[in-house]
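The values are calculated or read from the model by the stated rules, or taken from the named source; none is laboratory data. From a predicted model like this one, the values you see are computed outputs, not experimental measurements. Note that we place each Cβ from the backbone using ideal geometry, even for glycine, and neighbour counts take in every protein chain shown. To get the accessible areas, we keep the full protein, side chains included, count just its heavy atoms, and leave off ligands, DNA and RNA. Shrake-Rupley method; radii C 1.70, N 1.55, O 1.52, S 1.80 Å.
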Amino acid sequence: MDKHNNKLELLGNAPVPKALMALGIPIMVGMLINALYNLVDAYFVGGLGESQMGAISVVFPLGQVVVGLGLMFGNGAASYLSRLLGKGDKNRTDKVASTALCSSLLVGAALILISTIFLKPILLFLGATETILPYALAYARIYVISSILNVFNVTMNNIVSSEGAAKTTMCALLIGAVLNIGLDPVFIYTLELGVAGAAIATAISQFVSTLVYLFYIIQGKSAFTFHMKNFSPDKEMITEILKIGVPTLTFQILTSLSIALINRAANHYGDAVIAGMGAVTRITSMGTLVVFGFLKGFQPIAGFSYGAKKFDRLREAIRTSVIWSTIFCVAAGVWMAVFSAQMIARFTEGNMEMISIGQKSLMANGLSFFFFGFYTVYSSLLLALGKGTAGFVLGACRQGICFVPVILFLPMIWGIGGILYAQPIADLLSAMITVFVAISIHRELAEKEKLLL
């Protein structure tokens, strides 16, 4: 019980920089390692050839949609749970946590079954060429089925983060990532399983991460009690979960859609272009997942402070998060821009077309990454405060509202340049919109605080 009280103390009373470090850094490290193993996965597969590299780039959006179901229930529940913890409603939190976990597994299993049945047409829609398709099928058959483990892991990641148990999340991500990095070369090259070996390595790693969360539940370390008897969805609960969860799922779908649209636009130019853009996606995901990981620590603090009406603490958390995340994004963006050619070259055995394409795109993405922290703090904040509609609109900007029109029309006028620079242009537009959203949020918080005086 003392551990549970310590977690709540951290959320509600510890100095904001200390709380952000304690909650954000472990998850950030875990997600960084998680992104690293995705990068290493692509690195080892890239050694097989451009078509194989293109295959995992094509399958990636499908996996993201499946995992998005875990995010829908996990992130939706996490926002609600943080606010309930701030109000001290223990009985309700147990029901919400159990309902979210069971629901994510049921819906996830259904989507995986449908995806498996219609796998070939889905991969063709996602941009697979004739040369990429055989490898994409070999990889996806294993990867998609094993995604049920990732649905569980992602849901638990968010639920556990909402109670301030950041170290558990870090351990689960870290163990799975390190294991995957070690297993990749064994299954891909030593056992000569190729892209299927990469999928098997990922499945084993996800299973081990699942075991970490299961032990956490069984040992009673969570502030929540997970049990089938607590599976009791009601209208209010489902509304609270889905009003945050649906925007989160939509973000994930838009992310997948943006990658699919890039792949479809690129497949007119050959496998090397698809592979080059796939490498860019893997590299930039290193930076985006670090920011997302850090903000997993920010969200429960924001939700708890808002639920407890501690508006000074909430404003300090926002200000500190914007400053810290922006410093990181500028540093990471400069690194991507300066060393773009060297990084892309790691994903190919000397294909100069792939290197040239990837280098130009990564440089532009690095410069536009400067604004990513600012944008993501406020899109995360809206969800933490339970503002699902506003959170949906802002969160949908970067890879939906701003990105889709750009990627659909810019290549018509600019050719391949429209593919390379679509995301950076969408980033700049999204940052401009965020300025107006930030002003509106702070005005609203000031008004709510006046009512308490």
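List of remarks:
- Scan the stretch 296-322 for residues that are surrounded by 16 or more Cβ atoms within 10 Å (Cβ to Cβ) and not in a helix (DSSP H, G or I) and the total you get is 2.
- Any chance Ser115 is under 30 Å from Ser162 (Cβ atoms), out of contact with any Gly (no Cβ under 9 Å at 6 or more places or on another chain) and part of a helix (DSSP H, G or I): yes
- In the stretch 346-360, the residues that are over 20 Å from Asp41 (Cα atoms) form Cβ pairs under 9 Å with partners that are hydroxyl-bearing (Ser, Thr, Tyr) and open to solvent by 50 Å² or more (accessible area, probe 1.4 Å), at six or more places apart or across chains, as follows: Glu353/Tyr269; Ile357/Tyr269; Lys360/Tyr421.
- When the stretch 156-205 is filtered for residues that are surrounded by 22 or more Cβ atoms within 10 Å (Cβ to Cβ), of a type in the set (Gly, Ala, Ser) and assigned to a helix (DSSP H, G or I), the ones remaining, listed by number, are Ser161, Ser162, Ala166, Ala172, Gly176, Ala177, Gly197, Ala198, Ala199, Ala201, Ser205.
- Where Ile413 falls short, out of the listed (1) in contact (Cβ under 8 Å) with a residue 40 or more places away in the chain; (2) open to solvent by 30 Å² or more (accessible area, probe 1.4 Å): (1)
- Count of the stretch 306-325 residues which are farther than 15 Å from Leu295 by Cα and among the aliphatic types (A, V, I, L, M): 1
- Residue match in the stretch 128-143 (condition: more than 25 Å from Val290 (Cβ to Cβ), among the hydrophobic types (A, V, I, L, M, F, W, C), touching a residue at least 40 places away in the same chain (Cβ under 8 Å) and outside any helix (DSSP H, G or I)): yes
- Residue pairs whose Cβ atoms lie under 6 Å apart, sitting 6 or more positions apart in sequence or on different chains, and linking a residue in the stretch 249-272 that is closer than 22 Å to Leu111 by Cβ and at pLDDT 80 or above to a partner that is open to solvent by less than 30 Å² (accessible area, probe 1.4 Å) and β-branched (Val, Ile, Thr), are Leu261/Ile407; Asn263/Val58; Asn263/Ile274.
- Scope the stretch 224-250; condition assigned to a loop (DSSP other than H, G, I, E, B), out of contact with any Leu (no Cβ under 7 Å at 6 or more places or on another chain) and surrounded by 14 or more Cβ atoms within 10 Å (Cβ to Cβ); matching residues: Phe224, Thr225, Phe231, Pro233
- Output for the stretch 101-127, where each listed residue is open to solvent by less than 10 Å² (accessible area, probe 1.4 Å) and closer than 17 Å to Gly68 by Cβ: Ser104, Gly108, Ser115
- Test set (1) within 22 Å of Phe409 (Cα to Cα); (2) surrounded by fewer than 22 Cβ atoms within 10 Å (Cβ to Cβ); (3) not charged (D, E, K, R) - Ala266 fails condition number: (2)
- Residue check, Ser285 under 17 Å from Asp427 (Cα atoms) and of a type in the set (Gly, Ala, Ser): yes
- Selected residue [part of a helix (DSSP H, G or I), within 14 Å of Arg264 (Cα to Cα) and open to solvent by 10 Å² or more (accessible area, probe 1.4 Å)] from Val404, Val393: Val404
- When the residues of the stretch 128-155 are filtered to those that are small (Gly, Ala, Ser) and surrounded by fewer than 24 Cβ atoms within 10 Å (Cβ to Cβ), the one that is modelled with the lowest pLDDT is Ser146.
Let's see how each residue does on (1) surrounded by 23 or more Cβ atoms within 10 Å (Cβ to Cβ); (2) among the aliphatic types (A, V, I, L, M):
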| position | (1), (2) |
| --- | --- |
| Val45 | yes, yes |
| Leu48 | no, yes |
| Phe60 | yes, no |
| Gly63 | no, no |
| Met72 | yes, yes |
| Ala77 | yes, yes |
| Tyr80 | yes, no |
| Leu85 | yes, yes |
| Arg92 | no, no |
